[in-house]
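The values are calculated or read from the model by the stated rules, or taken from the named source; none is laboratory data. Note that the structure is a prediction, hence the values are computed from the model and not measured. Please note: Cβ atoms are built from the backbone with ideal geometry, for glycine as well, and neighbour counts cover all protein chains shown. When the accessible area is computed, the model is the full protein with side chains, heavy atoms only, and any ligands, DNA or RNA have been set aside. Shrake-Rupley method; radii C 1.70, N 1.55, O 1.52, S 1.80 Å.
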Amino acid sequence: SITTDTCTEPFWQAAKEHRLVAPQCGACGTFRMPPRPYCPECQSQEVNWVELPGTATIYSFAICTRGPYPGTEDLCYVPGVLDLDGAPGARLGSNVVDIDADAVEIGMRLTVDWNPIKDDWVLPIFRPAVLNE
């Protein structure tokens, strides 16, 4: 089950609407992800939730070849740390999907998608971006 608090609730509510948002300090403009009550730069509690374009770049990733639970020994997944477009300095941890794990690279462009999890809650996941030629 999803547990929210006053700091994370706007993120999860926006996700239900398939919108990717990030908190930005209302005083100094610093983005903060994950959401927290105080700005890491100026300690202000003022916050504006900014809608992002839903694209990102892989900053870091891992290839996990074994799931965490019994019966998931053959599971392969790619958790990543992503630089979010439209929110300089904000990084989000998420799964990279719909790509062979060996093809994932740092600097790869991604686009958000939404994975239903429970009770109308959705989790942002990221797929390789389709490049316009």
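Here are a few things to note about the model shown:
- Using θ = phi - 60° in the Karplus curve 6.51 cos²θ - 1.76 cosθ + 1.60, the 3J(HN,Hα) couplings for segment 14-30 round to 5, 4, 4, 8, 6, 10, 9, 10, 9, x, 10, 4, x, 9, 10, x, 6 Hz; x is entered for Gly and Pro.
- Spatially, segment 97-124 and segment 1-60 are offset by 18 Å when compared through their Cα centroids.
- GNM remark for the chain: springs join alpha carbons under 10 Å apart, and the peak mean-square fluctuation among GLY67, GLY26, GLY93 falls on GLY67.
- Placing +1 on the Cβ of every Lys and Arg and -1 on the Cβ of every Asp and Glu, with no other charges, gives segment 71-112 a dipole of roughly 300 debye about its Cα centre.
- Linear extension gain, THR4 paired with ALA103, 0.36 nm per residue minus alpha-carbon span: 32.2 nm
- Sorted largest first, the principal axis extents computed over the alpha-carbon atoms of the chain equal 46, 39, 25 Å.
- Just the protein heavy atoms count here, and of the accessible area of segment 1-72 at 1.4 Å, carbon and sulfur take up 49 percent.
- Residue of PRO40, PRO53, PRO68 that the Gaussian network model of the chain assigns the largest fluctuation, springs spanning Cα pairs under 10 Å: PRO68
- Considering all different alpha carbon pairs of segment 89-130, the Kirkwood hydrodynamic radius works out to 11.5 Å.
- Dipole magnitude of the chain about its Cα centre (Cβ charges: Lys, Arg +1; Asp, Glu -1), debye to nearest 20: 280
- Where segment 48-133 is the region considered: accessible area per residue in Å², 1.4 Å probe: 62
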